[in-house]
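J.: Okay, handing you the structure first.
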C-alpha cells in the first residue's frame with residue numbers, strides 16, 4: 001500500500017519559489033496527473049518526489065515511510081523521463097532488465113519480469129534488437145517496460161509522450177491507460193498537454209506558479225473550473241469568457257447588450273455579492289449557433305470556419321469579444337455570416353472579475 005502524502009513542501013531556486021508550500025495526498029494505486037504550463041513547477045515537484053531535488057521545507061511520505069531525506073535508491077521509485085534514456089549499447093532485453101540487475105535479482109526472476117513487462121508493452125518480439133533499430137514509439141515502450149519491471153512502490157512519469165508524433169501519442173495514451181489498470185501501482189504523471197491529463201488521470205492537479213489551483217476528477221476540472229486560469233488552460237478550445245453585468249431587474253446577465261438567461265439560484269447568489277460586473281464562462285460545445293434570429297441569444301459574425309471532421313469549429317466576433325463555437329459537421333455557415341448564439345443556462349459559469357474565482 002503506497003499512499004503519497006506531501007506536507008507543506010517548498011522548493012526554492014534562489015528567490016524564486018518553484019514549489020510554494022503545497023499539500024497533497026495521492027491514494028494508493030491512483031493515477032494522478034500534474035498538469036500546467038511550462039515553468040509552473042510540476043516537473044520540480046516530481047523530481048522532489050523522486051529525490052532528485054532536495055526540498056527546502058516540508059515532508060514527503062510514501063505510506064508510513066518519511067522519505068524526505070532518503071536517497072533515490074532508498075525511495076523504491078521508478079521513473080520514465082521525457083527523453084527515452086535507453087542505453088544504446090544494450091539490447092531491449094538488457095535495457096528492461098537493467099534495474100533488476102542493479103538490485104542483484106536472480107537470473108530466472110530477471111528473465112521472467114523483463115519478459116512479462118515486454119509482453120505488457122507489446123515489444124516481446126523486439127527483445128534482441130538495439131535502440132537504433134527501433135522507432136520512437138518502440139523506444140518509449142522500452143523505457144516504460146524498464147520502469148514497470150523494477151516493481152517499485154511508486155511510478156513517476158515526466159512527459160513520456162512529448163517526443164512522439166500525434167498518431168503515436170494517441171496510440172501510446174491508450175496503451176498507458178490499459179497498462180495502468182493492470183499494474184495496480186501508484187502513479188504520478190506530469191504533462192503540459194491537457195488532453196493527456198483529461199484522458200489518463202483518475203484525478204488531476206492544475207498547477208501555476210508553484211501552487212495547486214484545482215485538484216479534482218478530469219470531468220469536474222473541465223466542466224466546473226475553479227477559476228479563470230483553469231478554464232482558459234483546460235480544454236481545446238479553452239472556455240470562452242465574456243464580460244457581463246447584472247440586468248436592471250437583476251435576474252439575467254447583460255453581455256454585449258443582449259440579455260442572457262441564468263438560473264434563478266445563480267442570480268440570487270450574484271445579487272448577494274453586491275457586485276454588478278462578472279465574467280461569464282461557457283464551453284464551445286454548450287453554445288448553439290443558429291442563422292435565424294432568436295430571443296436571449298448573442299448576435300455575432302463568423303470570422304473563421306474550421307472543419308474538423310466530427311464537428312466544425314466557428315470563431316465568432318461578438319462585439320469586442322471572440323467566441324469559439326462547436327457546430328455540427330454538416331452545418332452550413334459561411335465567413336462573414338451573422339449568427340445567433342444561444343447558451344445552455346445550466347452550463348454557464350460565473351466568475352468574480354477581480355479574483356477570477358468561480359462564484
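Please treat every number below as a calculation from the coordinates, not as lab data. For clarity, every value in this text was computed on a predicted model and none was experimentally measured. Every residue, glycine among them, receives a Cβ derived from its backbone with ideal geometry; neighbour counts consider all protein chains shown.
J.: Extending each Cα 7 Å along its Cβ direction at residue 245 and residue 333, get the distance between those two points in nm, one decimal.
T.: For residue 245 paired with residue 333, the spin-label model returns 2.8 nm.
J.: Now, a different point. Considering the chain as a Gaussian network with a 10 Å cut-off on Cα pairs, which listed residue, 227, 69, 193, attains the greatest mean-square fluctuation?
T.: The residue with the greatest mean-square fluctuation here is 69.
J.: Give, as ranges by residue number, the residues of segment 63-96 whose backbone N falls under 11 Å from the point 7 Å along Cα→Cβ of residue 184.
T.: The answer is none.
J.: Using the alpha-carbon atoms, what tilt in degrees (0 to 90, nearest 10) does helix 264-273 show relative to the longest principal axis of the chain?
T.: 90
J.: Would you mind computing the Rg to Rh ratio of segment 120-194 from its alpha-carbon coordinates, Kirkwood style for Rh? Provide the component values of the computation, followed by the final result.
T.: Details: Rg = 12.3 Å, Rh = 13.1 Å.
Rg/Rh: 0.94.
J.: Between residue 66 and residue 292, 0.36 nm times their residue separation minus their Cα-Cα distance comes to what?
T.: Taking residue 66 through residue 292 to full extension adds about 75.0 nm, to one decimal.
J.: Report the calculated FRET efficiency for residue 119 and residue 170 (r = Cβ-Cβ distance, R0 = 30 Å), to the nearest 0.05.
T.: Working: r = 22 Å, r/R0 = 0.74.
E(calc), rounded to 0.05, equals 0.85.
J.: Right, something else. How large is the convex hull of the Cα atoms of segment 158-211 per residue, expressed in Å³ as a whole number? Numbers along the way, then the final one.
T.: Numbers: hull volume 4.8 nm³, N = 54.
Given the Cα convex hull of segment 158-211, per-residue volume reads 89 Å³.
J.: Right, another one. Quick one: give the max-minus-min coordinate of the C-alpha atoms of segment 202-298 along each principal axis, largest first, in Å.
T.: If we take the Cα atoms of segment 202-298, the spans are 41, 36, 21 Å.
J.: Beyond 38 Å, what percent of the Cα pairs of the chain remain?
T.: When every Cα pair of the chain is considered, 32 percent fall beyond 38 Å.
J.: Using a 10 angstrom cutoff on alpha carbons, build the Gaussian network for the chain and name the most mobile of 138, 74, 214.
T.: Highest fluctuation of the listed residues: 74.
J.: Could you sort 234-240, 327-333 so that the peptide with the highest average Cβ count within 10 Å comes first and the rest follow in order?
T.: Working: 234-240: 19.3, 327-333: 13.1.
Highest to lowest by the protection proxy: 234-240, 327-333.
J.: I need the P(r) histogram for segment 240-352: all alpha carbon pairs, bin width 10 Å from 0 out to the longest distance, whole percents.
T.: The calculated distribution, bin by bin, is 15, 47, 27, 10, 1.
J.: Moving on to the next point. Work out, step by step, the length gained on full extension between residue 133 and residue 271: first 0.36 nm times the residue separation, then minus their alpha carbon distance; give nm to one decimal.
T.: Length difference between fully extended and current span is 43.1 nm.
J.: To test your reading of the geometry: what angle, between 0 and 90 degrees and rounded to tens, separates the Cα axis of helix 107-120 from the longest principal axis of the chain?
T.: Once rounded, one gets 20 degrees.
J.: Once you have the Cα-Cα distance between residue 38 and residue 209, take 0.36 nm times their residue separation minus that, and quote the gain in nm to one decimal. Please report the intermediate quantities before stating the final value.
T.: Values: separation 171, 0.36 × 171 = 61.56 nm, distance 0.98 nm.
Taking 0.36 nm per residue and subtracting the Cα distance, the gain is 60.6 nm.
J.: For the chain, set up a GNM with springs between Cα atoms under 10 Å and report which of 158, 336, 223 has the largest fluctuation.
T.: So, out of 158, 336, 223, the one fluctuating most is 336.
J.: What translational diffusion coefficient, to the nearest whole µm²/s, does segment 1-135 have by Stokes-Einstein, given a Kirkwood radius computed over alpha-carbon pairs, a temperature of 20 °C and 1.002 mPa s viscosity?
T.: Numbers: Rh = 17.2 Å.
Approximately 125 µm²/s, per Stokes-Einstein.
J.: From the P(r) of segment 299-359, can you give the percent of Cα pairs sitting at distances over 13 Å? Walk me through the numbers on the way to the answer.
T.: Details: 1218 of 1830 pairs.
Value for segment 299-359 (Cα pairs over 13 Å): 67 percent.
J.: Whole angstrom only: what separates the Cα centroid of segment 17-41 from the Cα centroid of segment 289-334?
T.: 37
J.: To the nearest 0.05, how large is the calculated FRET efficiency for residue 103 and residue 224 if R₀ is 56 Å and r is the Cβ-Cβ distance? Working shown, then result.
T.: Values: r = 45 Å, r/R0 = 0.80.
So, using R0 = 56 Å, E works out to roughly 0.80.
J.: Could you calculate the FRET efficiency of residue 20 with residue 73 from 1/(1 + (r/R0)^6), where r is the beta carbon distance between them and R0 is 35 Å, rounded to 0.05? Spell out each step's value before the answer.
T.: Numbers: r = 29 Å, r/R0 = 0.82.
The pair residue 20/residue 73 has a calculated efficiency of 0.75.
J.: Which of 78, 71, 344 has the fewest other C-beta atoms within 10 Å, and how do the rest follow up to the most? Don't skip to the end; give the middle numbers.
T.: On the way: 78 21, 71 8, 344 13.
With the fewest neighbours first, 78, 71, 344 line up as 71, 344, 78.
J.: Moving on. If you line up the long axis of helix 92-102 against the longest principal axis of the chain, both from Cα atoms, how many degrees apart are they, to the nearest 10?
T.: The two axes meet at around 70 degrees.
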